[in-house]
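Heads up: the structure comes next, in structure tokens.
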Amino acid sequence: MRLKKYSFEKKIIIGKKIKQICKKNNVKFLVNDNPELSKRLNADGCHLGQNDISITEARKILGNKIIGITCHNSINLAKAAIRGKADYIAFGAFFSTKTKKVKHRATTKILDKVKKLTKIPIVAIGGINISNYKKLLLNNANLLAISGYVWNNKKYKPFETIEKIK
């Protein structure tokens, strides 16, 4: 759940609904940026950016829940996340995206390098769509974070988009 422009209270209301949908569909529910909100919603975990609290502090709040870390395009950030016992590490943006401003561009080379360092799951983020997702999966991405292509697709509804990518 990535809701940047809502109050904490509104995120609770929305989060409870999203959690029900995730549970019904047997999908993990992760909250972006905020371990306190994640705990309050009893989410499965939290995704942390580089400007959020440390994984050590997040772990104190969330215990053994899932914690993932954005590593942009940096091996050093990945190594720090691995040392911090992140449950997954995320890289991107791999492609152009309108979801948010891209400050860091990643290439598939980073996926190959990181795969040699760890066995924890690697997530690819940024501009992923029907024409480029296979390239990431074939180059060591374990998981894909696809947002804009699903929710802002002018050709297909979200469920149709997801079915096409499956």
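Since every read-out is calculated from the coordinates, none of them should be taken as a lab result. Note that the structure is predicted; figures quoted are calculated from it, not measured. All Cβ positions, glycine included, derive from the backbone under ideal geometry; neighbour counts span all protein chains shown.
Candidates in region 67-103 are the residues that are surrounded by fewer than 21 Cβ atoms within 10 Å (Cβ to Cβ) and among the β-branched types (Val, Ile, Thr); of these, the one that is farthest from the chain's Cα centre (by Cα) is ILE75. Just wondering, is there one or more residues in region 91-109 that are in contact with a Cys (Cβ under 6 Å, 6 or more places away or on another chain) and either within 15 Å of GLN50 (Cα to Cα) or in contact (Cβ under 8 Å) with a residue 60 or more places away in the chain (or both)? The answer is yes; a qualifying residue exists. Evaluate the following for TYR156: is it among the aromatic types (Phe, Trp, Tyr) and crowded, with 18+ Cβ neighbours inside 10 Å? The answer is no for TYR156. The listed residues are ILE75, ILE69, and the only one of them that is within 22 Å of PHE29 (Cβ to Cβ) and not aromatic (Phe, Trp, Tyr) turns out to be ILE69. Could you tell me whether ASN139 is free of Cβ contacts under 8 Å to residues at least 60 places away in the same chain, in contact with an Asp or Glu (Cβ under 9 Å, 6 or more places away or on another chain) and crowded, with 16+ Cβ neighbours inside 10 Å? Against the criterion (free of Cβ contacts under 8 Å to residues at least 60 places away in the same chain, in contact with an Asp or Glu (Cβ under 9 Å, 6 or more places away or on another chain) and crowded, with 16+ Cβ neighbours inside 10 Å), ASN139 qualifies.
Each row is one residue, and each column tells you yes or no for (1) of a type in the set (Asp, Glu); (2) part of a loop (DSSP other than H, G, I, E, B); (3) at positive phi.
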| residue | (1), (2), (3) |
| --- | --- |
| GLY127 | no, yes, yes |
| SER131 | no, yes, no |
| ALA141 | no, yes, no |
| THR161 | no, no, no |
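Put simply, of SER147, SER96, SER131 the only residue that is of a type in the set (Ser, Thr, Tyr) and more than 27 Å from ASN25 (Cα to Cα) is SER96.
Taken across region 132-141, residues that are under 10 Å from ILE89 (Cβ atoms) and under 15 Å from the mean Cα position of the chain (by Cα) do not occur at all. Here LYS28 meets the list (1) in contact (Cβ under 8 Å) with a residue 24 or more places away in the chain; (2) crowded, with 16+ Cβ neighbours inside 10 Å; (3) in contact with a strand residue (DSSP E or B) (Cβ under 9 Å, 6 or more places away or on another chain) almost entirely, failing just condition (2). Here is a check on your reading of the model: is LYS109 on the phi < 0 side of the Ramachandran plot and not in a loop (DSSP other than H, G, I, E, B)? Here the answer is yes, as LYS109 does meet what is asked.
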